[in-house]
Amino acid sequence: MSISKTTAVDQITVTENGIILYREATHIMEDGKELSKTYHRTSLTPGQDLTGQPANVVAICNVAWTAEVIAAYQAASAAQQGV
Amino acid sequence: MASSISAGTTSSTALVATADTSGALELKTNNGTTALTISTAQAVTFAGTATFPTTLGVGGATPSTSGSGISFPATQSASSDANTLDDYEEGTWTAGVSFGGNAVGVTYTATTGQYGLYTKIGNRVYWSCAIRLTNKGSSTGALKITGLPFTSQSVISYNEAQVIAYYENFVGLTGALNARISNASNTVDITQSSATTCTNITDTFVSNTTYITASGSYAV
């Protein structure tokens, strides 16, 4: 009997305004049969500190978060706050 | 080709029933009533109730081997039909706070200081979180809860009300706390009520030991 636990980023989404969402899936397997599957989600806003984030997510953030995207997101966010 | 029933030709096929090219394949009860029909377009119709003792996978999802229920695909297959439930997912998420969009030096209680739960049903996300600071850091500006598990819908200028369930160790509040999620956002804006409006909660109202629990739901 072999039980294993694996966690990996299985989904990365880049939204129109630059928000990046990713999902980590944790699978617990016994002899190749899945015993359980759980998800953990994280979302990142343009310009956010990326310390501790998975390398593949950081790579996408660095491509998607141009200076223009960050400035546009911050301007929109400030306008939405509105009070 | 005529209708036929034959023994399977491979080890994994026990019995093969084949309809002729002009009609559907039907299974009938002992009184001649059709119980199940498979059309020429492979659509399956149960005439009566259907029972699935364990799990049912839809959209190509592998049915879960634990419990019983409906297993949806790991990635949503969105339907444009208003009467179709096209997604279900539950999990945890990393909640946090920012001030003016930044969180320099903000720290939280280990393990439980950034805890969030979510369930997504169709186009609506139900969320909750508990955030306990150990240091509010040096960023300034309006307080937001960050890290929502999905981005809210993008309808222009539409905000959805959320709930601050409980809080501790804010400084100088003059009204009740309110929460809202704006369109196309993954954050929750926190304000306090006055007699005539709501004003932003900023870093000056937050201490190094502030605790917030919040919950709500929003459309995606």
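Taken together, the values in this text are just the output of simple stated rules run on the coordinates, not laboratory data. These figures come from a predicted structure and were not determined experimentally. Cβ sites come from the backbone with ideal geometry, for glycine too, and all protein chains shown count toward neighbours.
Some points to look at:
- 14 Å cut-off, amide nitrogen to a point 7 angstrom out along residue B:25 Cα→Cβ, residues in segment B:38-64: B:38-45
- Spin-label model, residue A:2 to residue B:76: label points 7 Å out along the Cα-to-beta-carbon direction sit 3.7 nm apart.
- Spin-label zone in segment B:93-129 - amide nitrogen under 15 Å from a point set 7 Å from the Cα of residue B:58 along the C-beta vector: B:120-124
- Extended-chain gain in nm, criterion 0.36 nm per residue less alpha-carbon gap, residue B:35 and residue B:126: 28.8 nm
- Rounded to the nearest 20, the Cβ-based charge dipole of chain B about its Cα centre (Lys and Arg +1, Asp and Glu -1) stands at 400 debye.
- Extending 7 Å from Cα along the Cβ direction at residue A:62 and again at residue A:78 yields two label points whose distance is 2.8 nm.
- Using C-alpha pairs under 8 Å with a sequence gap of at least 6, the mean separation divided by the residue count of segment B:97-189 gives a relative contact order of 29 percent.
- Where Rh is the Kirkwood radius over Cα pairs, Rg/Rh for segment B:95-220: 0.95
- Karplus 3J(HN,Hα) series, Hz, for segment B:102-119 with 6.51 cos²θ - 1.76 cosθ + 1.60 (x for Gly, Pro): 10, 9, 5, x, 6, 10, 10, 4, 4, 6, 9, x, 9, 8, x, 10, 8, 9
- Cα-Cα pairs of the protein assembly as shown separated by more than 37 Å (percent): 33
- Normalised by the number of residues in chain B, the mean separation of alpha-carbon contacts (under 8 Å, six or more apart) gives a relative contact order of 15 percent.
- Overall dimensions of segment B:22-158 by Cα: Rg and Dmax, Å: 23.7, 79
- Considering only B:185, B:114, B:61, the residue lying farthest towards the positive end of the dipole of the protein assembly as shown is B:114, judged by Cα position with unit charges set on Cβ.
- Using the Cβ of residue A:29 as centre and a radius below 10 Å, the other residues enclosed give a net charge of 0, where K and R count +1 and D and E count -1.
- In the protein assembly as shown, a dipole from Cβ-located charges (positive for Lys and Arg, negative for Asp and Glu) runs towards its positive end, and of B:23, B:196, A:60 it is B:196 whose Cα lies farthest in that direction.
- Only the Cβ atoms of Lys and Arg (+1) and of Asp and Glu (-1) were treated as charged; on that basis the dipole of chain A about its Cα centre amounts to roughly 120 debye.
- 5 angstrom amide H check on residue B:151, placed H, neighbours 5+ away: none
- Net charge, residue B:47 excluded, C-beta distance under 10 Å - Lys, Arg +1, Asp, Glu -1: 0
- Anchor residue A:33: lysines whose Cα lies under 21 Å away (excluding residues fewer than 8 positions away in-chain): A:5
- The separation of segment B:56-99 from segment B:116-170, counted between C-alpha centres, amounts to 21 Å.
- Beta bridges by DSSP in segment B:7-106, antiparallel share as percent, to the nearest 5: 75
- If the convex hull is drawn through the Cα atoms of chain A, its volume per residue in Å³: 108
- Nearest 10 degrees, 0 to 90: helix A:67-81 Cα axis against chain A principal axis: 80
- Cross-link reach is defined here as a Cα-Cα straight distance under 20 Å, omitting same-chain residues fewer than 8 places apart; for residue B:120 the lysines meeting it are A:37.
- Between helix A:55-64 and chain A: long-axis angle, C-alpha atoms, 0 to 90°, nearest 10: 30
- Local electrostatic count at residue B:5 - Lys and Arg +1, Asp and Glu -1, tallied over other residues with Cβ under 15 Å: -1
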